[in-house]
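S.K.: First the structure, then my questions, so here it is.
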Amino acid sequence: MNNRIETLMNKVRAHDYKQYLQDDNLNPAPVFYQKGYTAAVRSAERLKMLLEKEIPHIFPEDRIALIRTVKTIPPLFTDNEWKEISSSHFICESGDVFNICSDYGSLIAEGLGVRREKILSSLNQAKQEQDTAGIEFLEAAYTALQAVTAFAERYRDEALKVGSREIYAVLSRVPEQGARTLHEALQFFRLINYTLWINGNYHNTIGRFDQYMLPYYLHDIDKNLLTEDEAYELIVETFLSLNKDSYLYKGVQQGDNGQSMVLGGCDSSGNPAFNKLTELCLKASLEIEMIDPKINLRVSKETPETWFIQGTELTKAGLGFPQYSNDDVIIKALTDWGYDLDDARNYVTAACWEFIIPGKGMDIPNIDAVNLPELLNGIVHTRLNEIPTFEELKRLYKQSIAEKVTDITESHRSIYIVPSPFQSICMDGCIENRRDISEGGTYNNYGIHGSGISTVVDSLYTLKKLVYEEGTVSKSVMMEMLNKNFEGYEKQRNMILDLKKMGDNDPELFSLTEEVIDMFSDAFDGKKNERGGCYRPGTGTAMYYIWHADSLKATPDGRKQGQPFPANFSPSLLKRHPGFLSVVKSFAPANIFKAANGGPLTIEVHNTVFRNRQGIEKTAKLVQFFIEIGGHQLQINTLDKETLLKAQQQPEDYKNLIVRVWGWSGYFTELDKEFQDHIIKRNEYGAAAAS
């Protein structure tokens, strides 16, 4: 690391750029609220206002410019307007476009000048056809594009003013024209990524960075414009830039910002797509040791072991990533859901782990969630006495899931998404179709989380063994101790806790896991949302592993009221399992492609696992084994519980301590205590367990 990069890194870690934030005195311009100005026009005008408000800053160590100085993004609607919209529409999260991946590759290659010409051509056609809605959208898109161009020109002028001729030269070409060099492409990327955030979009994913940046890298190397070391330095600076403003980004917790980068995988022909940039990106992430970008590795049975080893080096560093996604499972799942094979092979991850298509997806991959343990509790707490057999219990549970899924899918009607003309410029087909991306893209599917799967499987196993097979616990006693939260029933609870659980590599539990996945996924068969898209079930929990569990009464697996579920598709928190290998084998059901909206097996290992090279190689082989047996996603946390406990007591000494939360990595001391406590309680495997 040279002095320039070290200076940049130290400034980012010290939050030095916060000093340039302007006073929070922005109010929406009156034009936003004037009668006759639609949401699309307001969105474009707000972006123009915010970019005009920005103050360009270029520092001596910069080669890639741009920091954010505007803190607050004002609302597009008055409180009364939003209340009226919300009263007659389904609103997902804040209502803004989110969890989306722009077509960075095409945009950077073409330049905004080409997009401008496309807008003007489409606008001319719209006027000839008197397409009022199309005219309005295209004029708003033109306003947004012009605002970004003007903003870039102000940065270009600032570069000249401070004597940064290199940045001046880069901004004299991009974003108006397509990039030719890696430096131009990376500066273009930084501008677009920044603009999406200031535009009010959030969970703006980065996509297949090593694929769309590769042509510029190869060009520069071939033409002797850059050495590999010089190219690497620019990549490191780009990674650092993603951390400059991230404290301003929207999320449930600090760090939950969706800046996910996907590396590796296959190309449109199905051939391996790992390349030199993949390697440099992994190296850059390891060097800066920051939470952004969050690395996702696309792998398959064909992926060489070397990439698993390089990924494990990041795990060893305690970054909580890479997250591994199995192309063999995911591409099949996507094509089964109706995605074109070429698009499926180009998939990326959304903010956490859901799968979307760059430039084409207006999927909402986390629109809702089903509390699977709650549905089982609804039967067991009140009706267990009436259920003669375990098979009948499963039938009733399957029926309950189906009824809940119908209720949820029927609630997603008349959805409203706030228009985003600038995001539309970055997507495929919006300009040609004269419609904002908020109205839909090529794909408009909805993802539904299934929280608490292992809690349900363990609960069903408990009922099968103790109530229906052995008769050790009567139905009435089971109901009573659950309703009393196991108070006075410590002996029975200990008996339950001693039973096998998901993660113990038991055939009966494995079979039950597949049955629950079938129950959940089959409930969505044939269901369409109002945009014609399908519903994609998944094993992820997001924040629901705490939210869904907070008020849920005791469950038959021994979990007490309020105790959280495991995160995502992971083992129970109630029992320590035999080891890493046992857990990996337990979480690769053959039918997982039916519930592959996303939801990784999340494993915690003690940092002593990596005390020597052999530990790295063993862990990499276990990850590779998980992929080979058909596991669909995996993420590994490197933990030391003693360190985490110290960090809770002395947060000022552990500001850079990184952990994996649910589908993203964050700084431990910035998390709410309930999330910190959950991470501390998770199963942790040491060197012996991983062997």
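S.K.: Under the condition of being open to solvent by 30 Å² or more (accessible area, probe 1.4 Å) and among the basic types (Lys, Arg), which residue from the range 642-689 is modelled with the highest pLDDT?
M.R.: 646
S.K.: Now, a different point. Any residue at all in the range 262-269 that is open to solvent by 20 Å² or more (accessible area, probe 1.4 Å) and at positive phi?
M.R.: Scanning the range 262-269 turns up no residue that is open to solvent by 20 Å² or more (accessible area, probe 1.4 Å) and at positive phi.
S.K.: Would you check which residues across the range 71-94 are of a type in the set (A, V, I, L, M) and either at positive phi or surrounded by fewer than 18 Cβ atoms within 10 Å (Cβ to Cβ) (or both) and list them?
M.R.: Hits for the range 71-94 are 85, 91.
S.K.: Also: From the list 46, 68, 13, which residue is open to solvent by less than 40 Å² (accessible area, probe 1.4 Å) and at pLDDT below 95?
M.R.: Going through 46, 68, 13 in turn, the sole match is 46.
A quick yes/no check of all residues on (1) open to solvent by 50 Å² or more (accessible area, probe 1.4 Å); (2) farther than 22 Å from residue 363 by Cα:
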residue: 503; (1), (2): no, yes
residue: 506; (1), (2): no, yes
residue: 524; (1), (2): no, no
residue: 529; (1), (2): no, no
residue: 551; (1), (2): yes, yes
residue: 557; (1), (2): no, yes
residue: 565; (1), (2): no, yes
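S.K.: All but one of (1) crowded, with 19+ Cβ neighbours inside 10 Å; (2) out of contact with any His (no Cβ under 9 Å at 6 or more places or on another chain) hold for residue 600; which doesn't?
M.R.: For residue 600, the failing item is (2).
S.K.: Please determine whether any residue of the range 622-640 is more than 19 Å from the chain's Cα centre (by Cα), modelled with pLDDT under 90 and either surrounded by fewer than 19 Cβ atoms within 10 Å (Cβ to Cβ) or assigned to a loop (DSSP other than H, G, I, E, B) (or both).
M.R.: yes
S.K.: For the range 205-224, which residues satisfy the criterion of being open to solvent by less than 10 Å² (accessible area, probe 1.4 Å), touching a strand residue (DSSP E or B) at 6+ places or on another chain (Cβ under 9 Å) and not charged (D, E, K, R)?
M.R.: Those that are open to solvent by less than 10 Å² (accessible area, probe 1.4 Å), touching a strand residue (DSSP E or B) at 6+ places or on another chain (Cβ under 9 Å) and not charged (D, E, K, R): 205, 206, 207, 209.
S.K.: From the set of residues in the range 95-141 that are of a type in the set (Val, Ile, Thr) and over 29 Å from the mean Cα position of the chain (by Cα), which is surrounded by the fewest Cβ atoms within 10 Å (Cβ to Cβ)?
M.R.: 132
Residue-by-condition table, conditions (1) charged (D, E, K, R); (2) touching a helix residue (DSSP H, G or I) at 6+ places or on another chain (Cβ under 7 Å); (3) under 27 Å from residue 441 (Cα atoms):
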site	(1), (2), (3)
294	yes, no, yes
297	no, yes, yes
305	yes, yes, no
310	no, yes, no
320	no, no, no
326	no, yes, yes
329	no, yes, yes
340	yes, no, yes
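S.K.: Right, something else. Any residue in the range 514-533 that's in contact (Cβ under 8 Å) with a residue 24 or more places away in the chain and on the phi < 0 side of the Ramachandran plot: show its pairings with residues that are open to solvent by 50 Å² or more (accessible area, probe 1.4 Å) and assigned to a loop (DSSP other than H, G, I, E, B) at Cβ separation under 6 Å, as long as the two are six or more apart or on different chains.
M.R.: The qualifying pairs are 530/413.
S.K.: Pull out all pairs, ordered by first then second residue, where Cβ-Cβ is under 6 Å, the residues are six or more apart or on different chains, the first lies in the range 441-459 and is in a strand (DSSP E or B) and among the aliphatic types (A, V, I, L, M), and the second is at pLDDT below 95 and buried (at least 24 other Cβ atoms within 10 Å of the Cβ).
M.R.: none
S.K.: Right, something else. Please go through the range 211-227 and give me each residue that is in contact with a helix residue (DSSP H, G or I) (Cβ under 7 Å, 6 or more places away or on another chain) and of a type in the set (D, E, K, R), ordered by number.
M.R.: 220
S.K.: Which fully enclosed helices (runs of 4 or more DSSP H) of the range 462-575 have 1 or more residues being over 34 Å from the mean Cα position of the chain (by Cα)?
M.R.: Filter on the range 462-575 gives 475-483, 490-497.
S.K.: So, in the range 356-382, exactly how many residues are open to solvent by 70 Å² or more (accessible area, probe 1.4 Å) and either modelled with pLDDT of 95 or more or in contact with a Leu (Cβ under 7 Å, 6 or more places away or on another chain) (or both)?
M.R.: Residues meeting the conditions: 1.
S.K.: Cβ contacts < 6 Å: first residue touching a residue at least 40 places away in the same chain (Cβ under 8 Å), restricted to the range 259-278; second residue among the polar types (S, T, N, Q) and open to solvent by less than 40 Å² (accessible area, probe 1.4 Å), any location; separation 6+ or different chain. Result?
M.R.: 260/205; 260/296; 260/349; 262/296; 262/349; 263/278; 264/278
S.K.: Out of 227, 278, I need the residue that is of a type in the set (Val, Ile, Thr), open to solvent by less than 50 Å² (accessible area, probe 1.4 Å) and modelled with pLDDT of 95 or more. Which one?
M.R.: Answer to the check: 278.
S.K.: Is there a residue being in a loop (DSSP other than H, G, I, E, B) and buried (at least 16 other Cβ atoms within 10 Å of the Cβ) anywhere in the range 232-242?
M.R.: For the range 232-242, residues in a loop (DSSP other than H, G, I, E, B) and buried (at least 16 other Cβ atoms within 10 Å of the Cβ): present.
S.K.: Listed residues 312, 278; which is within 22 Å of the chain's Cα centre (by Cα), part of a helix (DSSP H, G or I) and under 11 Å from residue 263 (Cβ atoms)?
M.R.: The conditions single out 278.
S.K.: If you don't mind, another one. Can you say whether residue 587 is farther than 21 Å from residue 484 by Cα and either modelled with pLDDT of 90 or more or touching a Phe, Trp or Tyr at 6+ places or on another chain (Cβ under 6 Å) (or both), as far as the supplied structure shows?
M.R.: Criteria met by residue 587.
S.K.: Ok, one more. Residue by residue through the range 224-261, note down the ones that are β-branched (Val, Ile, Thr) and in contact with a Cys (Cβ under 9 Å, 6 or more places away or on another chain).
M.R.: 235 - this is the single residue of the range 224-261 that is β-branched (Val, Ile, Thr) and in contact with a Cys (Cβ under 9 Å, 6 or more places away or on another chain).
S.K.: For the range 319-408, give me every one of the helices (runs of 4 or more DSSP H) that falls completely inside it and has 3 or more residues that are closer than 27 Å to residue 303 by Cα and of a type outside the set (Lys, Arg).
M.R.: Answer list for the range 319-408: 327-336, 341-344.
The values are calculated or read from the model by the stated rules, or taken from the named source; none is laboratory data. As the structure is a prediction and not an experimental result, all values here were calculated from the model. Virtual Cβ from ideal backbone geometry, glycine too; neighbours counted across all protein chains shown. SASA here: full protein model, heavy atoms, side chains in, ligands and nucleic acids out. Shrake-Rupley method; radii C 1.70, N 1.55, O 1.52, S 1.80 Å.
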